[in-house]
Amino acid sequence: MDRMRRLRASETLRSMVRENHVRVEELIYPVFVTAGTGICHPVDSMPGICQYSIDRLGEELDRVVAAGVPSVLLFGIPDCKDDVGSGAYDENGIIQQTVRWMKKEEKYSGLLVVADVCLCEYTSHGHCGLIRDGEILNDETLPLLAKTAVSYARAGADIIAPSDMMDKRVGVIRRALDENGFLNIPILAYSAKFASSFYGPFREAAHSAPGFGDRKTYQMDPANGREALREVEEDILEGADMIIAKPAMAYMDIICEISRNYNIPVVAYNVSGEYSMIKAAAAQGWIDEKKIVMELLTGFKRSGAKMIITYHALEAAGWLREENGADWRKHGDQV
Ligand code: PBG
């Protein structure tokens, strides 16, 4: 007779039949780098997350390396913004300087650097593209995104991640990278990126809130799942190597659909608002932070994510190591 509980009888058995695992090797940690010096500025709405100036960034990167997290996703906060976002594609822009520095520091050069490509942190109006008469322009924005991507690659970025949601940007960026000799730099495309309120704390962290209106004319309607698959299909045809679904928690069906329909690595972006909610509840003592975070990350894996971008990465890596350590001790005891 079928009895589902038979395989749940002990932790040894449960762990043997466990289908999904969170692995430190698959975590990507977002980092905010700001212009200036001597800065380690906590982001109020994201406990544990700070903006760092390059001269103090090592403090954070040391933690990343110690945690064994292999990759960082960089966001830049420039010292000045303009209406064409020129800080994004300035050869001496904040990200370009950061990546050049990281790649020549031996301690950090092995970290896989993912560079987020978007204009919103660099435009005075806070939108992800150029603007004319209140309209966010698509095709006029594309060359600037391509220029940004090439200059990040030239600085040494390992992966280019366009998050702007302009149509056709993946193809334009791919072509620009290839023409400039960066054939082997992969594109991690934010393909299924929804116009979400879960980005609220990020916009404080990256100073990128739109100055007027919202992002609904370029980011996706949260109600649309089928459309997300079309976005993914387009980006794959244009040359995307990996696909991001974002946010993650309220969009696990999207992660699942993408991974079932396409043979391409899917990345769950566990965004700022999702992080802040957990931190707030944990600070109140209302939830067990470690257990909740690990359950959530496991859920992303179960839903089909290969990698996870998460602000919890460093803590999660620590918890995973503790667990592995405990396992080894357990086995040792048995000998
Ligand atoms: C830039 C960008 C955003 C996020 C990642 N890249 C903000 C936005 O689209 O408004 C959000 C990340 C997060 O909330 O953690 N376009």
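Loop-only check: which GluC sites (Glu not before Pro) in the stretch 37-115 are DSSP coil with at most 15 other Cβ within 10 angstrom? Answer by residue number: Glu91, Glu105, Glu106.
Here the 3J(HN,Hα) profile of the stretch 102-116, calculated from phi with Karplus coefficients 6.51, -1.76 and 1.60 at θ = phi - 60°, is 4, 6, 9, 7, 4, 4, 10, 5, x, 5, 7, 9, 9, 9, 6 Hz, Gly and Pro shown as x. Among the listed pairs Lys147/Lys301; Lys81/Lys168; Lys107/Lys306; Lys246/Lys290, those with a Cα-Cα distance over 29 Å are Lys147/Lys301. Couplings for the stretch 298-304, taken from phi via the Karplus curve 6.51 cos²θ - 1.76 cosθ + 1.60 with θ = phi - 60°, read 4, x, 5, 5, 4, 6, x Hz in order; Gly and Pro are left as x. Across the accessible surface of the chain, with the other protein chains kept in place and a 1.4 Å probe, carbon and sulfur atoms take up 51 percent.
Amide H contacts of Tyr190: Ile244, each under 5 Å away and 5 or more positions distant or on a separate chain (H built 1.01 Å from N in the peptide plane; Pro and chain starts excluded). Using the Karplus relation 6.51 cos²θ - 1.76 cosθ + 1.60 with θ = phi - 60°, the per-residue 3J(HN,Hα) values for the stretch 217-225 come to 7, 10, 7, 7, 6, x, 7, 10, x Hz, with x marking Gly and Pro. Of all the options Ser163, Ser197, Ser71, the one that moves most in a Gaussian network model of the chain with Cα springs shorter than 10 angstrom is Ser197. Here the stretch 285-305 and the stretch 17-70 have alpha carbon centers that stand 19 Å from each other. Of all DSSP-defined beta bridges confined to the chain, some 10% are antiparallel rather than parallel. One chain, two ends: Glu204 and Ala281. Fully extended at 0.36 nm per residue, the span grows by 25.7 nm beyond their Cα-Cα distance.
Radius of gyration over Kirkwood radius for the stretch 250-289, both on Cα atoms: the Rg/Rh ratio is 1.18. Pop the C-beta distance of Arg8 and Lys216 into the FRET formula with R0 = 30 Å and round what comes out to the nearest 0.05. Efficiency computed from Cβ-Cβ geometry: 0.10. Between amide H atoms placed 1.01 Å from N, distances below 5 Å from Leu112 occur with Ser71, Val72, all of them 5 or more places distant or on a separate chain. Between Glu19 and Leu137, the contour length at 0.36 nm per residue exceeds the Cα-Cα span by 38.0 nm. To the nearest 0.05, what FRET efficiency results for Glu91 and Arg226 with a Förster distance of 45 Å applied to their C-beta separation? Efficiency, rounded to the nearest 0.05: 0.65.
Dividing the radius of gyration of the alpha carbons in the chain by their Kirkwood radius gives 0.98 for Rg/Rh. Using a 10 angstrom cutoff on alpha carbons, build the Gaussian network for the chain and name the most mobile of Ala192, Ala248, Ala317. Result: Ala317 has the largest fluctuation of those listed.
Residue ranking by accessible heavy-atom surface, 1.4 Å probe, largest first, among Leu237, Leu112, Leu177 comes out as Leu237, Leu112, Leu177.
The values are calculated or read from the model by the stated rules, or taken from the named source; none is laboratory data. Since this is a predicted model, take the numbers as computed values, not measurements. When we count neighbours, we look across all protein chains shown, and the Cβ atoms used for this are built from the backbone with ideal geometry, even at glycine. Surface areas here come from the heavy atoms of the whole protein model, side chains and all, with no ligands, DNA or RNA. Shrake-Rupley method; radii C 1.70, N 1.55, O 1.52, S 1.80 Å.
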